[in-house]
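Contents: one structure, followed by commentary.
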């Protein structure tokens, strides 16, 4: 049952990454929007009041890269379970990748996901359409029709478009619709049989390695094609120091490009693989510690724009295998915030700076009105206690799959409340989804 009364979130630490606001105060929600905010704020008569008890109140997180199983692999994840996991992690918008069965390469499929999400998901789900038909990399999709159907971006998900002519055409056509192209950076020929970062550790473990050049060669090519076409381009997830320098040089030369980094590459390195732990088999692979430090510095400096969960549910049949045979991927929606807060607790980033990479910046890149605390902005919000410690038990995850690299990890920063379009969709204190 919905409740049309205004909702006042009082006694909060208001953090708005868009303006730099970081102060105690209250925020008033009504009609799905932020009505007002600031110190000493009170709502009209009949306002529902929630005391945030000094917790951080910030714009909901926007995850630009989440793989869901629907349609075709609902046993791993559905739009409903992915959205529930997102709500528990303070994520109010997810961009659903097109790697489904069938793939999201047709306007009818985009419409299906939008309708299905509207009916079953408690957070916003924005479908990304396939860049090429069947994700095969040979023929580009009908970008105009897919854009009109509601695709928020174009990508082949976990696959790279190796044909430079196809990529050039896609960037050109996408430019004509001001559409964003998101590209996974792994040259499959250079990846070959590789299963982890190439280097001394891979040699010691007897596992074939993936060179950094599998990423950097593809990135260098893409940036030249962006310069040729003028298309809008986002590098999905860079993972090494060389890629950071490529992005830096391109920006200095005037390129208008953006890029992301997976939370896994920010907080883990190749040593975490340990004794062939398949939950740490990822794409891009976990790199050397020097690379991890380089991407952290690039994020703090603003060279890397956004952090993504790279949520990729896999079941036991695809993970309980020898390392070289196991599928890539880890779930990440519920642990995105807590894992990212390690950078704040280590003094590598400020909390507003971190939240900017998790909410404001991805919203800007995608052209969404969320990611800010301002009157008239969507009431997509969450509250959390950044210093509250807990130990993660993967069986407690709301995701249908449990393949988290953070199982039994000591984390800090639990989400208390998540609000989407003014409606409570998660409340750790049981106040329920009863506001509109």
Item to complete: Quick one: among 149, 357, 237, which has the greatest mean-square fluctuation in a GNM of the chain with alpha-carbon springs under 10 angstrom?
Response: 149
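Please order 426, 279 by the number of other Cβ within 10 Å, starting at the fewest. Don't skip to the answer; put the middle values down first.
Numbers: 426 23, 279 20.
Taking fewest neighbouring Cβ atoms as first place, the list is 279, 426.
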Practice prompt. With both partners inside the chain, how many of the DSSP beta bridges are antiparallel, as a percent to the nearest 5?
Written response: 50 percent
Discussion item. Angle check, please: helix 336-345 long axis (alpha carbons) against the longest principal axis of the chain (alpha carbons), in degrees 0 to 90, nearest 10.
Written reply: 90 degrees
Discussion item. What FRET efficiency comes out for residue 178 versus residue 217 if R0 is 30 angstrom and r is the Cβ-Cβ distance? Round to the nearest 0.05.
Written reply: 0.60
Fill in: Principal-axis tilt of helix 107-120 within the chain, Cα atoms, nearest 10 degrees
40 degrees
Fill in: Theoretical ellipticity at 222 nm over the chain - DSSP helices of four or more residues, -39500 (n - 2.57) apiece, nearest 500
-8000 deg cm²/dmol
Worksheet entry | Estimated inter-spin distance, residue 224 and residue 249, nm [label 7 Å along Cα→Cβ] | 1.2 nm
Discussion item. On a full-extension model of 0.36 nm per residue, what is the gain between residue 145 and residue 45, subtracting their alpha-carbon distance, rounded to one decimal in nm?
Written reply: 31.2 nm
Worksheet entry | Fewest-first sequence of 418, 216, 19 by Cβ atoms within 10 Å of each Cβ | 19, 216, 418
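Kindly put 359, 262 in sequence by how many other C-beta atoms sit within 10 Å of each C-beta, fewest to most. All intermediate terms of the calculation are to be shown ahead of the outcome.
Details: 359 34, 262 27.
With the fewest neighbours first, 359, 262 line up as 262, 359.
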Discussion item. Once R0 is set to 30 Å, what does the formula 1/(1 + (r/R0)^6) return for the Cβ-Cβ distance between residue 387 and residue 407, expressed as a FRET efficiency to the nearest 0.05?
Written reply: 0.85
Discussion item. For the pair residue 297/residue 23, report the inter-label distance in nm, with labels modelled 7 Å from Cα in the Cβ direction.
Written reply: 3.6 nm
Response to the item:
Under 20 Å by backbone N from the virtual spin label 7 Å along Cα-to-Cβ at residue 346, the residues of the range 184-217 are 197-198, 201
Practice prompt. List the relative contact order of the range 159-240 as a percent without decimals, with contacts defined as Cα pairs under 8 Å and 6+ residues apart.
Written response: 40 percent
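Give, in nm to one decimal, the length gained when the segment between residue 119 and residue 138 is fully stretched (0.36 nm per residue of separation minus the Cα-Cα distance). Show your work: numbers first, answer last.
On the way: separation 19, 0.36 × 19 = 6.84 nm, distance 3.40 nm.
3.4 nm is the gain from fully extending residue 119 to residue 138.
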Worksheet item: Once both axes come from the Cα atoms, what is the angle between helix 164-176 and the longest principal axis of the chain, in degrees from 0 to 90, rounded to 10?
Response: 30 degrees
Discussion item. Can you give me the distance in nm between label points at residue 320 and residue 276, each placed 7 Å from the Cα along the Cα-to-Cβ direction?
Written reply: 1.6 nm
Practice prompt. Equivalent ellipsoid semi-axes for the range 59-366, as square roots of 5 times the alpha carbon gyration tensor eigenvalues: give them largest first, rounded to whole Å.
Written response: 26, 23, 21
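Each value in this text was obtained by applying a stated rule to the coordinates, not by laboratory testing. As the structure is a prediction and not an experimental result, all values here were calculated from the model. A quick note on method: Cβ atoms are made from the backbone with ideal geometry, for glycine too, and the neighbour counts reach across all protein chains shown.
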